[in-house]
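Quick notes on the structure that follows.
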Amino acid sequence: MRWLYGVFIDAGAPGSKPGRGLPIGNLRSQHFANFYLGPLDRLVTRDLRAGGYCRYMDDVLVLGDSRTALWEWHRRIEELVRTRLDLVLRPEVTRVLPVSEGAPFLGFVVFPGTIRFDRHRVRRWRSRMRSLQRGLDRGDLTGEAAQRAADSLIGWARHGDTFSMRRAWVTRRW
């Protein structure tokens, strides 16, 4: 197994320095993220006993009741990823804030009781839907291809509370 992992790691990602990076979207990258970030999962769930924790690849959401506790957890997480994993938290996306303001996570904003698209994703979703319609109108896309792509976009949007947005799109189009 070590030899095989070595082959994957040494191959790197296209355009990256030798031995650096993994191809994004490749199933191996998901496995490596879970394996490599296991110590982070154990720190947050076993040692810190956070009120809520969710991680997808390298995107992490930690929930707690106390701002003081959250800052302490942030310090411990930062120390672990720096010293043990040789990683750095990106300050521009690392936030400690009340959940009432909404916590950004994977292109959504998580609020108590609801999950919404962030503004960027709403614009991106609408733009992609308009692009599909234009492709269909010009004859660049078959009805079947446009339907498959639209189904994918709708499926993505359904991960959040986007029913009103999706309904508005459909009723406006028909």
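Quick check: the angle from helix 2-11's long axis to the longest principal axis of the chain, C-alpha only, nearest 10 degrees? Relative to the chain, helix 2-11 is tipped by roughly 60 degrees. In degrees, nearest 10, range 0 to 90: what is the angle between the Cα axis of helix 143-157 and the longest Cα principal axis of the chain? For 143-157 against the chain, the angle is about 40 degrees. Going through [x] 11.6; [y] 12.3; [z] 13.7, the figure that equals mean projected area of the Cα convex hull in nm² as computed for the structure here is [z]. Of the trypsin sites (Lys or Arg not before Pro) found in segment 73-137, those that fall in a DSSP loop while having at most 14 other beta-carbon atoms within 10 Å are Arg84, Arg95.
Between the beta carbons of Arg172 and Arg148, assuming R0 = 22 Å, the FRET efficiency works out to 0.55 to the nearest 0.05. Using R0 = 35 Å, the C-beta based FRET efficiency linking Val96 and Gln133 works out to 0.25. Rg/Rh for segment 78-174 (Cα atoms only, Rh after Kirkwood) is 1.14. As a ratio to 2.2 N^0.38 Å, the alpha-carbon radius of gyration computed for segment 2-99 takes the value 1.21.
Each of Trp156 and Asp58 was given a label point 7 Å from its Cα along the Cα-to-Cβ line. The distance between the two points is 2.1 nm. Relative to the longest principal axis of the Cα atoms of the chain, the long axis of helix 119-138 lies at roughly 40 degrees.
Taken together, the values in this text are just the output of simple stated rules run on the coordinates, not laboratory data. Here the structure is a predicted model, which means the values were calculated and not measured. So basically every Cβ, Gly included, is an ideal-geometry build from the backbone, and we count neighbours across all protein chains shown.
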